[in-house]
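In what follows, a single structure is set out as structure tokens and then discussed.
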4 protein chains.
Amino acid sequence: MTEKQDLMRPWDGIVSRKEQNAYSAAGLGKPLGVGQHPALLVIDVQYRTAGTRSMPYEQATQEFGTSCGEAAWNAIPHISKLMARFRQMNQPVLFPYVSKKTLADQGRVSEKSPGLMTASDLGYEFVAEVAPLDGDILLPKKHPSAFFGTPLVSYLINLGIDTLVVAGCSTSGCVRATVVDAFSYNFRVVVPQDCVYDRSATSHAVNLFDMASKYADVAPLNAVLEMLQPN
Amino acid sequence: MTEKQDLMRPWDGIVSRKEQNAYSAAGLGKPLGVGQHPALLVIDVQYRTAGTRSMPYEQATQEFGTSCGEAAWNAIPHISKLMARFRQMNQPVLFPYVSKKTLADQGRVSEKSPGLMTASDLGYEFVAEVAPLDGDILLPKKHPSAFFGTPLVSYLINLGIDTLVVAGCSTSGCVRATVVDAFSYNFRVVVPQDCVYDRSATSHAVNLFDMASKYADVAPLNAVLEMLQPN
Amino acid sequence: MTEKQDLMRPWDGIVSRKEQNAYSAAGLGKPLGVGQHPALLVIDVQYRTAGTRSMPYEQATQEFGTSCGEAAWNAIPHISKLMARFRQMNQPVLFPYVSKKTLADQGRVSEKSPGLMTASDLGYEFVAEVAPLDGDILLPKKHPSAFFGTPLVSYLINLGIDTLVVAGCSTSGCVRATVVDAFSYNFRVVVPQDCVYDRSATSHAVNLFDMASKYADVAPLNAVLEMLQPN
Amino acid sequence: MTEKQDLMRPWDGIVSRKEQNAYSAAGLGKPLGVGQHPALLVIDVQYRTAGTRSMPYEQATQEFGTSCGEAAWNAIPHISKLMARFRQMNQPVLFPYVSKKTLADQGRVSEKSPGLMTASDLGYEFVAEVAPLDGDILLPKKHPSAFFGTPLVSYLINLGIDTLVVAGCSTSGCVRATVVDAFSYNFRVVVPQDCVYDRSATSHAVNLFDMASKYADVAPLNAVLEMLQPN
């Protein structure tokens with residue numbers, strides 16, 4: 001990353017310079033880079049999180065209570081570019097997603113966040129601009145992390161993956177949980193900051209700071225694309 | 001929780017009222033309460049995260065680079081009270097902790113955060129005020145979540161636990177990662193906001209907001225103690 | 001279990017009396033009993049493992065290469081009785097099953113056992129006599145253990161389960177793998193010996209011996225039904 | 001493997017030719033071979049499973065109730081040769097082992113197999129002939145599989161491992177459980193049949209048959225050494 005990008009991290013103005021310096025002094029946040037075999041995770045980019053088109057947040061939540069509104073549609077063109085690069089490199093793109101809950105799907109999530117349980121069938125469809133192709137791996141999930149209760153790690157081991165690039169939503173929810181698990185499994189992790197979205201701008205920024213400090217390389221898409229050169 | 005406590009959430013002034021309303025409108029953040037069989041997790045309360053006594057952050061990091069300084073010593077008396085309640089209720093207290101890394105302990109963490117690898121032996125000792133007793137379950141861990149790569153969930157199933165109260169540090173690191181996993185396993189989760197600590201006040205507050213919105217009940221110790229009545 | 005049943009364990013004549021005594025002398029194989037909250041797992045009872053009706057093994061494998069033939073249809077009436085008891089007790093019945101593999105489902109299993117990959121759609125349907133009801137939890141799985149890469153443990157924690165009764169097939173494959181994991185999670189585990197089936201009689205018997213020695217209570221259905229009294 | 005070795009599989013005479021043919025007809029048991037980056041797991045080769053020297057089983061169990069007697073000491077020289085090859089190839093050797101249980105280590109194992117809980121400190125030492133070197137990864141475990149409740153998979157991903165060779169004991173217990181998990185994670189798995197041991201010859205043979213049929217390449221050490229050529 002260039003120094004200029006470094007001067008404009010998404011959390012500047014929210015996490016104080018003093019706090020940022022404190023983290024650096026503690027030896028946190030070194031960049032890890034990418035390995036030889038990256039895969040792309042596109043998490044939960046379904047109409048239930050994006051809405052069917054770009055709308056202000058309040059309006060968007062009337063279509064789907066779980067929509068992130070404009071933030072989603074700002075990210076989707078970047079996700080599309082990133083996905084195109086993976087297609088070009090012939091590296092795998094995997095799609096963890098939320099499948100419609102049934103009556104039997106009890107558990108903490110329905111109590112904690114009843115609003116998450118009510119989207120229509122359309123809400124569970126993938127956003128067309130960044131939808132899976134035939135042959136892509138789809139991973140229905142019940143919990144925030146794309147690894148939790150899914151065979152994701154087995155797919156990645158089978159594919160010989162060493163690096164995960166994580167896109168989608170929400171930054172503070174499923175993206176964050178997936179990044180922490182990916183880091184714990186010892187994959188290299190990259191989060192293109194403009195390819196993830198959230199319903200809270202503050203939480204988005206601070207979660208990017210947390211991930212950059214402890215678990216992942218966080219950078220603008222352009223910088224990530226430079227790291228991902230086709231072989 | 002009383003309305004007054006609700007008026008003074010730790011993230012007020014950092015996460016805007018508008019963002020908080022947006023989360024409520026999306027149906028996030030309902031309280032879950034405690035079950036019949038709670039356990040207490042005290043995570044990483046070792047001298048490497050607290051220092052040997054209360055010192056300002058800058059001074060504290062000269063003793064241990066990973067120290068959280070005064071924030072730790074503000075939390076420790078609260079953790080001590082909480083622990084006393086669990087002892088009184090005869091409910092289990094478990095201690096996930098970081099054990100000294102060896103040369104063989106490679107992996108992403110040593111590259112990402114070399115500062116985490118250098119504490120002296122004293123740094124790995126439990127802070128005396130809230131140290132385990134004989135017979136308590138100790139869980140050495142290599143990764144942020146107390147569940148990842150440890151037998152924690154097996155212990156909890158064996159003990160018939162349905163609720164986890166999580167204390168210790170850091171709020172944005174091991175506490176957050178553990179809370180997300182505990183929620184995913186379908187335990188009820190409670191985070192007493194004054195029993196967890198971090199090196200960044202902003203990250204501490206926003207992670208409490210994230211957890212309160214999606215994964216846990218977050219409340220002051222006094223409110224948590226009211227929820228935890230001895231049978 | 002009565003002494004008479006003990007005299008007729010399914011592995012008698014295959015595992016020598018001397019070996020059985022050696023295991024007892026080593027302090028292995030104590031019975032565990034059932035807890036207060038049992039759940040029933042019915043694993044892989046689909047036409048691909050049973051065939052559409054009872055046929056000798058050679059004939060059955062011409063219908064589905066993975067069929068276990070008559071052994072399946074000897075077990076199914078017992079599984080049906082066991083399931084009825086769980087319905088009567090109003091305790092949960094869960095259905096881990098193999099879903100049709102897609103092109104993207106690479107991995108060791110397709111190389112190791114190509115015969116597992118070729119069943120028709122009918123093969124993936126549940127055997128009608130012991131099929132799930134609306135509201136039952138279905139768990140598609142990619143790997144032998146019903147826990148591996150699935151949210152099963154989260155469902156069980158949510159339901160407050162302390163005991164798993166395991167039925168289905170194959171004794172030496174998915175049943176065995178699931179039983180080992182259930183034991184490792186610290187559930188009590190019961191295997192009704194006449195409710196599980198396999199394509200090899202020897203492997204069936206020896207796996208029952210292994211499970212009885214180390215991981216589970218293994219007993220005839222009648223004895224299991226006595227342990228499972230409605231409250 | 002040569003045809004001659006194939007004529008002398010360890011389960012011949014125990015699993016009938018007819019059963020073996022039935023498995024082959026079902027498309028089970030294709031060999032997988034080794035990948036580019038193998039690691040060796042040496043499981044539980046401690047004095048508690050081997051005794052301090054080769055003794056007949058009955059005598060051995062008087063030293064340690066969990067001893068496998070002569071079977072262990074027949075395997076140890078083969079394990080030693082295998083380990084030497086991994087040292088020579090500079091590929092990792094990892095040591096999952098059972099650490100001494102404390103009072104807090106409750107759970108199903110202490111009820112099911114009280115004999116497993118009583119060995120002296122010497123019993124927990126590694127057998128000197130195949131003991132770890134400084135820098136080797138040691139993995140204390142509480143459950144049969146070396147993966148369950150341990151960070152093993154994270155170590156393997158960090159090391160870029162694609163193939164696991166599994167040695168140690170017991171064939172029907174921790175070796176089998178580890179092999180099933182390794183297969184489920186999509187590692188290639190090899191079990192050198194003369195490098196694993198058990199207290200029951202029948203169970204040893206049938207578990208090798210199960211693993212060869214469904215999860216691993218099972219072959220004599222000599223054949224495995226041919227597969228593992230130094231680069």
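The values are calculated or read from the model by the stated rules, or taken from the named source; none is laboratory data. This one's a predicted model, so the numbers in the text were calculated from it and none came from an experiment. So basically every Cβ, Gly included, is an ideal-geometry build from the backbone, and we count neighbours across all protein chains shown.
Cβ-Cβ distances below 8 Å connect the following pairs, each with a first residue in the stretch C:1-17 that is at pLDDT below 90, a second residue that is not in a loop (DSSP other than H, G, I, E, B), and a separation of six or more residues or different chains: C:1/C:219; C:1/C:223; C:2/C:223; C:5/C:219; C:5/C:223. Within the stretch C:127-142, is even one residue within 14 Å of chain A (Cβ to nearest Cβ), crowded, with 24+ Cβ neighbours inside 10 Å and either out of contact with any strand residue (DSSP E or B) (no Cβ under 6 Å at 6 or more places or on another chain) or assigned to a loop (DSSP other than H, G, I, E, B) (or both)? There is no residue in the stretch C:127-142 that is within 14 Å of chain A (Cβ to nearest Cβ), crowded, with 24+ Cβ neighbours inside 10 Å and either out of contact with any strand residue (DSSP E or B) (no Cβ under 6 Å at 6 or more places or on another chain) or assigned to a loop (DSSP other than H, G, I, E, B) (or both).
To keep it simple, each residue is scored yes or no on (1) aromatic (Phe, Trp, Tyr); (2) touching a Leu at 6+ places or on another chain (Cβ under 7 Å); (3) assigned to a loop (DSSP other than H, G, I, E, B); (4) without any contact (Cβ under 8 Å) to a residue 60 or more places away in the chain.
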position: B:19; (1), (2), (3), (4): no, no, no, yes
position: B:23; (1), (2), (3), (4): yes, no, no, no
position: B:28; (1), (2), (3), (4): no, no, yes, no
position: B:31; (1), (2), (3), (4): no, no, yes, no
position: B:39; (1), (2), (3), (4): no, yes, no, no
position: B:60; (1), (2), (3), (4): no, no, no, yes
position: B:65; (1), (2), (3), (4): no, no, yes, yes
position: B:72; (1), (2), (3), (4): no, no, no, no
position: B:76; (1), (2), (3), (4): no, no, no, yes
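Of all residues in the stretch A:162-186, exactly one satisfies the criterion of being touching a strand residue (DSSP E or B) at 6+ places or on another chain (Cβ under 8 Å), crowded, with 24+ Cβ neighbours inside 10 Å, more than 16 Å from residue A:213 (Cα to Cα) and within 13 Å of chain D (Cβ to nearest Cβ), namely A:164. For the stretch D:8-58, the set of residues classified as at the interface with chain C (Cβ under 9 Å from one of its Cβ atoms), acidic (Asp, Glu) and closer than 23 Å to residue D:189 by Cβ consists of D:19 only. Out of A:159, A:82, A:138, one residue alone is over 26 Å from residue B:29 (Cβ atoms) and in contact with a helix residue (DSSP H, G or I) (Cβ under 9 Å, 6 or more places away or on another chain). It is A:82.
Considering only the stretch D:142-200, state which residues are of a type in the set (Lys, Arg) and in contact with a Leu (Cβ under 6 Å, 6 or more places away or on another chain).
Passing the criteria: only D:188.
Looking across the stretch C:58-77 at every residue that is surrounded by fewer than 22 Cβ atoms within 10 Å (Cβ to Cβ) and farther than 23 Å from residue C:132 by Cβ, the one that is nearest to the chain's Cα centre (by Cα) is identified as C:70.
Does the stretch B:23-44 include one or more residues that are of a type in the set (Lys, Arg), buried (at least 21 other Cβ atoms within 10 Å of the Cβ) and out of contact with any His (no Cβ under 8 Å at 6 or more places or on another chain)?
Checking the stretch B:23-44: not a single residue is of a type in the set (Lys, Arg), buried (at least 21 other Cβ atoms within 10 Å of the Cβ) and out of contact with any His (no Cβ under 8 Å at 6 or more places or on another chain).
This table checks each residue for (1) at pLDDT 70 or above; (2) part of a loop (DSSP other than H, G, I, E, B); (3) within 26 Å of residue D:182 (Cβ to Cβ).
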site: D:82; (1), (2), (3): yes, no, yes
site: D:86; (1), (2), (3): yes, no, yes
site: D:91; (1), (2), (3): yes, yes, yes
site: D:96; (1), (2), (3): yes, no, yes
site: D:102; (1), (2), (3): no, yes, no
site: D:105; (1), (2), (3): no, yes, yes
site: D:111; (1), (2), (3): yes, no, no
site: D:116; (1), (2), (3): no, no, yes
site: D:122; (1), (2), (3): yes, no, no
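Residue B:155 meets the conditions (1) more than 17 Å from the chain's Cα centre (by Cα); (2) more than 29 Å from residue B:214 (Cβ to Cβ); (3) not β-branched (Val, Ile, Thr) in every case but one. The failed one is (2). The condition of being in contact (Cβ under 8 Å) with a residue 40 or more places away in the chain, closer than 21 Å to residue C:50 by Cα and hydrophobic (A, V, I, L, M, F, W, C) holds for only one of C:223, C:205, that being C:205.
Within the stretch A:105-124, is even one residue touching a Ser or Thr at 6+ places or on another chain (Cβ under 9 Å), surrounded by fewer than 19 Cβ atoms within 10 Å (Cβ to Cβ) and away from chain B (no Cβ under 13 Å)? Scanning the stretch A:105-124 turns up at least one residue that is touching a Ser or Thr at 6+ places or on another chain (Cβ under 9 Å), surrounded by fewer than 19 Cβ atoms within 10 Å (Cβ to Cβ) and away from chain B (no Cβ under 13 Å). Across the stretch A:187-202, the qualifying residues are those that are more than 14 Å from chain D (Cβ to nearest Cβ), more than 12 Å from the chain's Cα centre (by Cα) and in contact (Cβ under 8 Å) with a residue 60 or more places away in the chain, and the one among them that is surrounded by the fewest Cβ atoms within 10 Å (Cβ to Cβ) is A:201.
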